[in-house]
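What follows is a set of notes on a single structure, which appears directly below.
The values are calculated or read from the model by the stated rules, or taken from the named source; none is laboratory data. Nothing here was measured: the structure is a model prediction, and the numbers come from that model. Glycine also receives a Cβ, built like all others from the backbone with ideal geometry; neighbour counts cover every protein chain displayed.
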Amino acid sequence: MRRVLLATISLFALTATQALAADLPRAVPPPTKAPVFAPAYSWTGFYLGINGGYGWGRSDWSGIGNADPSGGLFGLTAGYNWQAVGSPWVFGLEGDIDWADLKGSFANANCVLGCETKVGWLGTVRGRLGYAVDRVMPYITGGLAVGEVKATPFGFGSISDTRVGWTVGAGVEAAIAGNWTAKVEYLYADLGSVGCDVFTCGAPVDVDFHSHIVRAGLNLRF
């Protein structure tokens, strides 16, 4: 009889324990951390920088011959970008002024002592249209080119003039650290021609200049 009573009490105790466990609240899992929100990179703002590179081109002396000026460039850059919130399109205006050493000469029967074309400085004012993929922005660009074209015939005497022409090109710019960006670009610049008079060249001659330019730049955004 005692065994039956103990077994009955044990059964009631087990049943009560299971019922109590069923009524206890389940453990609540820890809250999931919300992902950290990283705002998209904005290209809007003013910037200053430096640039440098190499140019090569062609200078035609009408009726006399052709020179192939080439050399280095180095200078300063300033610009402003505007990008609407949520849009990948970036609109900008950029200007630069470079010291240049673009020069080339030729000698032939028409210019026995040699004729040289030289550009000592070159500046541009250009619009830019870019398509930003977060911190990387390929772009196209175009606008005005200004520079001094100097023609030296026969190895002595010279004539020079500041010419206003045009330029087009393309490049890619990327944010590298903090407010710093780096770019590489290609430009084609055409400064038209400078007229060399009969007293300097022995005959009226038009000396033109156009060049391909590849350069890199480093900008600080404000």
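Summary table below
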| quantity | calculated |
| --- | --- |
| Scope the range 172-186; condition in a loop (DSSP other than H, G, I, E, B) and within 20 Å of PHE91 (Cβ to Cβ); matching residues | ASN179 |
| Test: residue in the range 193-202 that is under 26 Å from TYR47 (Cβ atoms) and assigned to a strand (DSSP E or B) | no |
| Filter pass, VAL136 being loosely packed, with under 15 Cβ neighbours inside 10 Å and either closer than 23 Å to GLY45 by Cβ or not acidic (Asp, Glu) (or both) | yes |
| Lone qualifier among ASP68, ASP98 - being surrounded by 20 or more Cβ atoms within 10 Å (Cβ to Cβ) and at pLDDT 95 or above | ASP98 |
| Whichever residue in the range 139-176 is surrounded by fewer than 18 Cβ atoms within 10 Å (Cβ to Cβ) and touching a helix residue (DSSP H, G or I) at 6+ places or on another chain (Cβ under 9 Å) and, among such residues, is modelled with the lowest pLDDT | PHE154 |
| Looking only at the range 102-119, and only at residues there that are without any contact (Cβ under 8 Å) to a residue 60 or more places away in the chain and either among the aromatic types (Phe, Trp, Tyr) or touching a Leu at 6+ places or on another chain (Cβ under 8 Å) (or both), the one that is nearest to ALA145 (Cα to Cα) | LYS118 |
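One line per residue, one yes/no per condition, for (1) at pLDDT below 90; (2) of a type in the set (Lys, Arg); (3) closer than 20 Å to GLY130 by Cβ:
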| site | (1), (2), (3) |
| --- | --- |
| TYR188 | no, no, yes |
| PRO204 | yes, no, no |
| HIS210 | no, no, no |
| ASN219 | no, no, yes |
